[in-house]
Amino acid sequence: MPTYRVLVNGKFDHPDADARARLLAELSHHQAIGFTEDGLLTYSAHLGAFTFRITLRGEEERDVLDEAELKVMELMDAKGYPYRDVAGKATCMDDIKIRRR
């Protein structure tokens, strides 16, 4: 089964004061960059947009994109963070060719 790295972008949808306070309190935990099997949520103190990076395995790119978008929406819903404009892009790691000298 191919391995995909999926980058899901979205925007915070006018979080209330409580959600803003929780997001800012957790900010230091959401500064890492990379792809993991559990997914990494990253955002800045501006609280305008967020990025979710995850590594998934699947047969079809569309299925992997749907799964990643669903995971980030479930995460945001569970934490009570309002969001909008969620869209992902997938890169098949099996298709990447490394040119060596």
query = Taking interchain pairs and intrachain pairs at least six residues apart, which have beta carbon atoms under 7 angstrom, with the first residue in region 1-17 and within 11 Å of TYR81 (Cα to Cα) and the second surrounded by fewer than 20 Cβ atoms within 10 Å (Cβ to Cβ) and hydrophobic (A, V, I, L, M, F, W, C)?
reply = LYS11/ALA49; PHE12/LEU47; PRO15/LEU23; PRO15/LEU47
query = Which one of ASP77, ASP94 is part of a helix (DSSP H, G or I) and under 21 Å from PRO2 (Cβ atoms)?
reply = ASP94
query = Which of (1) at negative phi; (2) surrounded by 10 or more Cβ atoms within 10 Å (Cβ to Cβ) is the odd one out, the single condition ILE33 does not satisfy?
reply = (2)
message = Filter region 74-101 down to the residues that are closer than 28 Å to ASP18 by Cβ, modelled with pLDDT of 95 or more and open to solvent by 60 Å² or more (accessible area, probe 1.4 Å) and list them by number.
response = GLU74, ASP77, ALA78, ARG84, ASP85
key: Near pairs, Cβ below 7 angstrom, 6+ apart or cross-chain, from region 21-33 (closer than 15 Å to GLY48 by Cβ) to any residue that is in a loop (DSSP other than H, G, I, E, B) and not basic (Lys, Arg)   = LEU23/PRO15; LEU23/LEU47; LEU23/TYR81; LEU24/ALA45; LEU27/ALA45
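The values are calculated or read from the model by the stated rules, or taken from the named source; none is laboratory data. Only a predicted model underlies this, so the values are computations on that prediction, with no experimental measurement involved. So basically every Cβ, Gly included, is an ideal-geometry build from the backbone, and we count neighbours across all protein chains shown. Ligands, DNA and RNA are stripped out before the accessible areas are found, and what is left, the full protein with its side chains, is counted by its heavy atoms. Shrake-Rupley method; radii C 1.70, N 1.55, O 1.52, S 1.80 Å.
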